[in-house]
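The values are calculated or read from the model by the stated rules, or taken from the named source; none is laboratory data. Please read these numbers as outputs of a predicted model, since none were measured by experiment. Cβ coordinates were reconstructed from backbone atoms using ideal geometry, including for glycine residues, and neighbour counts include every protein chain displayed.
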Amino acid sequence: MSERESSKPWATEQISVWVTQRRRAQLAKIAEGLPSGASPIQAIDRALDLATTPIFVPAHDAPSVAEPSARNDDLSQIEARISAIAKRLEQGFAAGLADIVSTVDRLSASVASLQAMMIEASDSDFPDIRGDDMVAEAREVREWLRVRLSALGLSETKLAIVRIAFRSESRQGDGRTAFEFDAKLGAIEQGDVIDSLETSRLKISGISATSPMLTLRSARSACLVARKISLMEWSVGAHLVDDEGKIQPALAHFVVK
């Protein structure tokens, strides 16, 4: 068959092609990538192979590019998944940290109880060897509440009443005074509490020379009413308690954190 049209051009088994100067140059260029001595027919076969490989598929047959809105939707889904994973990791970290804090609190309470037992033993069996180093260090109000409530399994408490008895005072560098008390938990928002732990030392720092809280030094009975106002803050009122056990109006209020 010649290059002229046939009534059934794809039914023929043989065709003849004029090798024009342009075609000769193009076939020779293709033959450069073939083994030495390649014929024009081999160059034509190679051209057909190249023309039908996927890289040469016409653009209208190639996969369509996603519209911008579709890409944005995909990005939003990815961001949502990443955010969910980050939230789960954060929750897991917070839960693990809470477990660690709870364990440390229980250990701290156990150490305080052991120290109290040692002091009691030194009083009865070894009266000559007891010294100030045997006495547990006083804790500031927030730390005292954290350790005490955790040891009693009351970490979620939002309101606590602490019975206090004046113990000693010390001068601070800024001219203010720090009071130390023997303290024990008396009640929470649900009612009275049986505090089975030993009395421990509680400290209130920064008391000025004109503060009404100086009255606590000579009070027969007093207490602190602490209300939790945030994760790390308590609002505390210092009160006298009358002979009938009634809590009197606050001498002063302060916030610990």
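Numbers below:
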| quantity | calculated |
| --- | --- |
| Residue in the stretch 125-137 that is surrounded by fewer than 17 Cβ atoms within 10 Å (Cβ to Cβ), closer than 22 Å to Val256 by Cα and at pLDDT 85 or above present | yes |
| Subset of the stretch 15-44 (residues that are assigned to a helix (DSSP H, G or I) and among the hydroxyl-bearing types (Ser, Thr, Tyr)) | none |
| Selection within the stretch 185-199 - at pLDDT below 95 and either aliphatic (A, V, I, L, M) or assigned to a strand (DSSP E or B) (or both) | Gly186, Ala187, Ile188, Gly191, Asp192, Val193, Ile194, Leu197 |
| Qualifying residues in the stretch 216-230 (those that are in a strand (DSSP E or B) and among the hydrophobic types (A, V, I, L, M, F, W, C)) - the one farthest from Thr177 (Cα to Cα) | Ile229 |
| Filtered residues of the stretch 231-257 (kept if in a strand (DSSP E or B), touching a residue at least 12 places away in the same chain (Cβ under 8 Å) and of a type outside the set (A, V, I, L, M)) | Glu233, Trp234, Ser235, Gly237, His239, His253, Phe254 |
| Arg163 vs. criteria in a strand (DSSP E or B), touching a Cys at 6+ places or on another chain (Cβ under 7 Å), modelled with pLDDT of 95 or more and not hydrophobic (A, V, I, L, M, F, W, C) | yes |
| Pairs where the first residue, in the stretch 34-55, is at negative phi and the second is basic (Lys, Arg) and assigned to a helix (DSSP H, G or I), C-beta under 9 Å, 6+ apart | Leu34/Arg46; Ala38/Arg46; Pro40/Arg23; Pro40/Arg24; Ala43/Lys29 |
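Per-residue answers, yes or no, for (1) in the same structural domain as Ile100 (by TED's automatic domain parsing); (2) touching a helix residue (DSSP H, G or I) at 6+ places or on another chain (Cβ under 8 Å); (3) at pLDDT below 95; (4) within 28 Å of Ile100 (Cβ to Cβ):
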{"site": "Gly153", "(1), (2), (3), (4)": "no, no, yes, yes"}
{"site": "Ala222", "(1), (2), (3), (4)": "no, yes, no, no"}
{"site": "Val225", "(1), (2), (3), (4)": "no, no, no, no"}
{"site": "Leu231", "(1), (2), (3), (4)": "no, no, yes, yes"}
{"site": "Leu240", "(1), (2), (3), (4)": "no, yes, no, no"}
{"site": "Glu244", "(1), (2), (3), (4)": "no, no, yes, no"}
